[in-house]
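Here's the structure, in C-alpha cells; my notes come after.
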Amino acid sequence: MAMPELFRACLPRSVMAAVLAIATGGAAQADTGPYRLVPGDRLSIGLVGQGQPTETHVDIDGNIRLLDVGEVAVAGLTLNDAEAKLEELIAAAGIYVDPNATLTVQDYAPVVVAGDIRAPGRIDYLPGMTIATALSIAGGTAVSGVDRFEIERARVQVAGQLRDLNLSIASIAVRIARFEAVLDGDTEVALSSELEAAIPGLGAVDLPRLLREQTAILDAERRKTAEILALWDAEISSATRQLELFEDRIALQQEISRQAGEELENIRGLDEQGLATGQRLFTASQRDADERARLLELEAAQIGVSRFIAEAERRRVTLLIEAEADARISLADARLELRQAVLDYAIALEQNALLSGGNVTALLAETLVEIRYTIVSPRPERLAGAELTAQTRLLPGDTLIVQVVPAPLPLDDS
C-alpha cells in the first residue's frame, strides 16, 4: 500500500512507523518490536522528486545496491533506521541536499519448511503466519495420511499391518522381559506394567504363550550356561587333583634325587681313595643325572597344570561376564527396536484413521508420536529459550524444521 509523499513528509518518523505498520496490516511484526530487514526481502525505494520508486532485493550479505551510492548494509535494521541510513548516504554522496527517502517492503523473504513434511521447500510469507499455517501450506507432516488413489488398495493392507505390528510389539516386549530376567537372576519371564502399557492391543495377542516360549528359552540358556560351567568346574577339579599328585610325586622324586646325589658323593670319595671302580662311578653319575631330569620333568608338568587351572578359571569368569554383557546389549537393542515398532504402529494407526475417516489430530495427541519444531532464523535473538508450538509465529527468512519422533516410553531409562 503506497502513501502520498507529501503526507509522508509531514509526519514525524515515529508516527510514520506506526502508520506503515497499519498500512501493511502489521505484517511480520515480531513480539519484541518492529520488523527488521533480512536477506530475501524485496524493497521499494522512493525519493522525493525522483519519479518512479526503485525496486531492489536485500542480498545474501544483507546489502542493497543503489546507483551512485553503492552497497548499503540494511539487514537487521528497521524501516526507519534503513531510511535514515539511506538519507545520510545519499546526502553524503551529494545526490540530494535534503533527501527524503521512502522505504517499503514489497515482498517479504520467504519461509523455508524442511524435515518430516510432505512438500518441503520455500513458501511465501503471509502476515501473521504461524507454524501451523506453514505446515498447512506445505501439505502437513510426513505421517499425515495417504492419497485418495491409494485408499481402497491400502485399507486391508493397513489393517493387516496393525495386527502384525501389534504382535511384533508384544514379541519385542516379552524379549525385553527375558533379558531383564537374565540380568535380575529370575527363573521366569514376566511383563512389567510398563511393558504391558507399551502393547497397543494387549488382548489381541496370546501373551501367556509368548511368555512360556521366552521362559523356555531362558531355561535353555541357563541350562547351557550351567552345563558349560559344570564342565569347567570338573576340569578345574581334575586338574587340581593332578596338581596335588604332582606335589606328592615331586616330593618323592626330590628324596630319590637327594639319595642318588649322596650315593654319587660317597662313590667319589671311595674313588679318590682308590676303592671304587670307574664303572661304579659312571653308573652313580648316570643315576644322579636321570633322577634330576625326572624331577625337572615333574616340576615342568606341575607348572603346566597350574597354568591350565588359571586359564580354566579365567574362561569360566569370562563366560559369566560375556553372558551378562550380551544380555545388556540385547536389552538395549530390543528397547530401540520397540521404539521403532511403536512409531511404525502409530503411522499405520494414523493411516487407518484417515482411511476410515478418523481424526488424525486426536491420534497425534496420543503418546505414540511427537512433532518437534526447530526454527533457524537470521535474527540472533530470535525465540531464545522459547518453547515452540503450532501457534508460534514465523518471521520472513525463518527456516522451520519439523521432526516426527516416537514419544518417550515409560520403560526408557531416560
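The values are calculated or read from the model by the stated rules, or taken from the named source; none is laboratory data. If you're wondering where the values come from, they're calculated on a predicted model, not measured in any experiment. Please note that ligands, DNA and RNA were not included when accessible areas were found on the heavy atoms of the full protein model with its side chains. Shrake-Rupley method; radii C 1.70, N 1.55, O 1.52, S 1.80 Å.
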Along the stretch 292-300, Karplus-curve 3J(HN,Hα) (6.51, -1.76, 1.60; θ = phi - 60°) to the nearest Hz, with x for Gly and Pro, reads 5, 5, 4, 5, 5, 4, 5, 5, 5
In whole angstrom, the spacing between the Cα centers of the stretch 253-287 and the stretch 82-97 equals 124
In whole Hz, the Karplus estimates of ³J(HN,Hα) for the stretch 71-76 (6.51, -1.76, 1.60; θ = phi - 60°; x where Gly or Pro) are 6, 10, 6, 10, 4, x
To the nearest Å², the heavy-atom accessible area per residue of the stretch 262-363 with 1.4 Å probe amounts to 63
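For the stretch 238-298, rounded, prolate or oblate, judged on the Cα gyration tensor with a ≥ b ≥ c (square roots of eigenvalues), a/c < 1.5 rounded, else prolate if a/b > b/c?
Values: a/c = 6.16, a/b = 3.43, b/c = 1.79.
Prolate is the answer for the stretch 238-298, as a/c is 1.5 or above and a/b outweighs b/c.
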Going residue by residue through the stretch 330-338, the Karplus relation 6.51 cos²θ - 1.76 cosθ + 1.60 with θ = phi - 60° gives ³J(HN,Hα) values, rounded to whole Hz and with x marking Gly or Pro, of 4, 5, 5, 5, 5, 5, 5, 4, 5
Using a 1.4 Å probe on heavy atoms of the protein chains only, the accessible area for L395 in Å², nearest 10, reads 10
